[in-house]
Amino acid sequence: MDAIVIGAGHNGLVAANLLADAGWSVLVLEAAGQPGGAIRSGHVTAPGYLSDLFSSFYPLGYASPVLRDLDLDLEWTHSPAVFAHLLPDGRAAAVNRALPSTMASMEAFAPGDGERWRSAFDEFASVSEPLTDALFTPFPPIRSGVALMRRLKTAGALRLGRRAVTSVRQLGSELFRGEGATLALAGCALHTDLGPDESGGGIYGWLLAMLAQQVGWPVPVGGAQKITDALVSRLLARGGEIEYSAPVDRVLIARGRAVGVRCADGRDLRARRAVLADVTAPALFLDMVGAGALPPRMVDDLAHFRWDGATVKIDWALRAPIPWQNESAVGAGTVHLGADLNGLTRYAAELATDQIPSDPFLLLGQMTTADPSRSPAGTESVWAYTHLPHRDSWKADQIAEHVERMEAVVESQAPGFRDLVVGRHVFAPGDMERENPSLVGGALAAGTAAPFQQLFLRPVPGLGRADTPIDRLFLASASAHPGGGVHGAPGANAARAALARDRSLTGDAYRAVISAANRAIYR
């Protein structure tokens, strides 16, 4: 084989597809019995109710130039409203793809916030194309960065740089006057592991909220699994191969170069041109490569690698839609609930101090509302998740008590919710890791979204690229820039790096530059 890809998560499958497009022979080795990683669907609650087991709504995937250029065979659908943030006092801030509807919701919190939302969205829309291109291409994003600079000019670029390190509370206070619009951003920022007062949260909240306004948060008809199925079908049609139940123990290295892998069953498989790994950075570098083959400074840096928070997820089968007290939540695909802005700060502080949040903040998905194929007519397939501190293990009674807290949050906003439950399935953090070893301790993003572990600092201080200190070995997972989310960029970046390294005319120069840079970084 020209290339071996470790892991059939979506990033691994994206990388394999791009290499196959370039005419390479590709073998994907997947430890589990099925592809997809965290993009899978299944019937886990009750017959006829389809659940997205891990990831669900896909604004980044829908907007991603990586997935768009693959031209996958997918049908997307939208909920009537994108998302609503329910405050404990019963009010709601709601985002709808129809801009006047969103403006009216924000205006209810403070006069003028409707127009302020429009202004924020117009600003985003003016740069969204070069911005998303810059986010999802290798670092540094030269071509898309130049296009973005042309739009922003010097003054705009400086202010975007400031926004990138601003907390979402601070950003909201600068853009708006009322709590509703700020909460809309803050709830989006909490899709990462960054609390309202942490540096970097503002840019995430702004990006997800503005994408909600621009393209919505769509889902594939028939479940998240359809994304995986499309990637697999595309790869197989181009001659790629996938082997399941084939965990990799080691990356084989000769003279500083990756030459293949050793499988858990003892087989040695050779890769003539590259090995790409869609696994977490610690798993690749410490387990599959080994500290002895790495620069000592990189090993030291990996000791400071920080995971994102643990996750508890509940899937429910309901015999009727959720009886929300606030109508804004009825048609929303995603509902944020359980906290106002100060409540989010308290929730984040408890996580930061290794405490179990007494009042959990929930992200809830109404899947039948978004895609009627997910459950029988007149019913609802629903999930909700919340975060816990990242720990090595959790006791069953701790998880059961937290499930009770989560359901109480929903019941407080929708009395009678519990009476509608006909099936329930719980993923504790350890369950997630058993289903997908890359979800270490229930961490969804393969590493924190904090600024100290982004760009050229992801996964450790370095080049911010898929290249590693081992020649012909490339990191293709969400542990690499640009990080978590379903957009395919880490896999695409790894494939591009492998192709650049292999080019007959420029490959030698590329290798020399990467090698010299790594020596300077890790000496």
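The values are calculated or read from the model by the stated rules, or taken from the named source; none is laboratory data. From a predicted model like this one, the values you see are computed outputs, not experimental measurements. Heads up, the Cβs are rebuilt from the backbone with ideal geometry, glycines too, and the neighbour counts pull from every protein chain shown. Remember, those area values only see protein heavy atoms, side chains included, never the ligands or the DNA or RNA. Shrake-Rupley method; radii C 1.70, N 1.55, O 1.52, S 1.80 Å.
Applying the criterion of being of a type outside the set (Gly, Ala, Ser) and under 17 Å from the mean Cα position of the chain (by Cα) to the residues of segment 194-214, the residue that is farthest from Asn96 (Cα to Cα) is Leu194.
Could you tell me whether segment 160-167 includes any residue that is open to solvent by 80 Å² or more (accessible area, probe 1.4 Å), farther than 19 Å from His481 by Cα and free of Cβ contacts under 8 Å to residues at least 40 places away in the same chain?
Kept after step one, since they are open to solvent by 80 Å² or more (accessible area, probe 1.4 Å), are these residues of segment 160-167: 162, 165.
Filter again for farther than 19 Å from His481 by Cα, leaving 162.
Filter once more, keeping what is free of Cβ contacts under 8 Å to residues at least 40 places away in the same chain: 162.
Within segment 160-167, one or more residues are open to solvent by 80 Å² or more (accessible area, probe 1.4 Å), farther than 19 Å from His481 by Cα and free of Cβ contacts under 8 Å to residues at least 40 places away in the same chain.
Here Gly483 qualifies as part of a loop (DSSP other than H, G, I, E, B), at positive phi and open to solvent by less than 10 Å² (accessible area, probe 1.4 Å).
You will find that of Glu129, Glu107, Glu198, the residue that is open to solvent by 40 Å² or more (accessible area, probe 1.4 Å), among the acidic types (Asp, Glu), within 26 Å of Pro65 (Cβ to Cβ) and out of contact with any strand residue (DSSP E or B) (no Cβ under 6 Å at 6 or more places or on another chain) is Glu129 and no other. Of the residues in segment 82-100, at least one is open to solvent by less than 40 Å² (accessible area, probe 1.4 Å), part of a strand (DSSP E or B), over 27 Å from Val232 (Cα atoms) and aromatic (Phe, Trp, Tyr). Count of segment 404-452 residues, restricted to those that are part of a helix (DSSP H, G or I) and at negative phi, is 23.
In this structure, does Arg405 turn out to be closer than 30 Å to Pro47 by Cβ and either of a type in the set (Gly, Ala, Ser) or open to solvent by 10 Å² or more (accessible area, probe 1.4 Å) (or both)?
Details: closer than 30 Å to Pro47 by Cβ: yes; either of a type in the set (Gly, Ala, Ser) or open to solvent by 10 Å² or more (accessible area, probe 1.4 Å) (or both): yes.
Answer is yes for this residue.
Take segment 296-329 and flag every residue that is more than 21 Å from the chain's Cα centre (by Cα), of a type in the set (A, V, I, L, M, F, W, C) and under 30 Å from Leu50 (Cβ atoms). The answer is Trp316, Ala317, Leu318, Ala320, Ile322, Trp324, Ala329. The single condition among (1) in contact with a strand residue (DSSP E or B) (Cβ under 9 Å, 6 or more places away or on another chain); (2) open to solvent by 50 Å² or more (accessible area, probe 1.4 Å) that Leu455 does not meet is (1).
Has segment 52-68 got any residue that is touching a residue at least 60 places away in the same chain (Cβ under 8 Å) and over 23 Å from His481 (Cα atoms)? The answer is yes, given that some residue of segment 52-68 is touching a residue at least 60 places away in the same chain (Cβ under 8 Å) and over 23 Å from His481 (Cα atoms).
Going by what's in this entry, would Ile399 be described as assigned to a loop (DSSP other than H, G, I, E, B) and among the β-branched types (Val, Ile, Thr)? Full working, then the answer.
On the way: assigned to a loop (DSSP other than H, G, I, E, B): no; among the β-branched types (Val, Ile, Thr): yes.
In short, no.
Scanning segment 173-193 for residues that are touching a residue at least 60 places away in the same chain (Cβ under 8 Å) and over 19 Å from the mean Cα position of the chain (by Cα) yields Phe176, Arg177, Gly178, Glu179, Gly180, Ala181, Thr182, Leu183.
When you check Arg391 against the structure, is it of a type in the set (Lys, Arg) and open to solvent by less than 70 Å² (accessible area, probe 1.4 Å), yes or no? So Arg391 fits the description; yes.
Applying a threshold of 9 Å to beta carbon distances and a minimum spacing of six or more residues, or different chains, the list of pairs starting in segment 1-23 at a residue that is free of Cβ contacts under 8 Å to residues at least 24 places away in the same chain and under 18 Å from Arg501 (Cα atoms) and ending at one that is open to solvent by 10 Å² or more (accessible area, probe 1.4 Å) and in a loop (DSSP other than H, G, I, E, B) reads Gly23/Asp2.
Just for segment 1-47: of the residues that are in contact with a Pro (Cβ under 9 Å, 6 or more places away or on another chain), in a loop (DSSP other than H, G, I, E, B) and aliphatic (A, V, I, L, M), which one is least open to solvent (accessible area, probe 1.4 Å)? The selected residue is Ala8. Selection within segment 227-260: residues that are in contact with a helix residue (DSSP H, G or I) (Cβ under 8 Å, 6 or more places away or on another chain), among the hydrophobic types (A, V, I, L, M, F, W, C) and in a strand (DSSP E or B). The member of this set that is most open to solvent (accessible area, probe 1.4 Å) is Ile253. Quick check, is Ala63 surrounded by fewer than 24 Cβ atoms within 10 Å (Cβ to Cβ) and more than 19 Å from the chain's Cα centre (by Cα)? For Ala63, the condition - surrounded by fewer than 24 Cβ atoms within 10 Å (Cβ to Cβ) and more than 19 Å from the chain's Cα centre (by Cα) - is not met.
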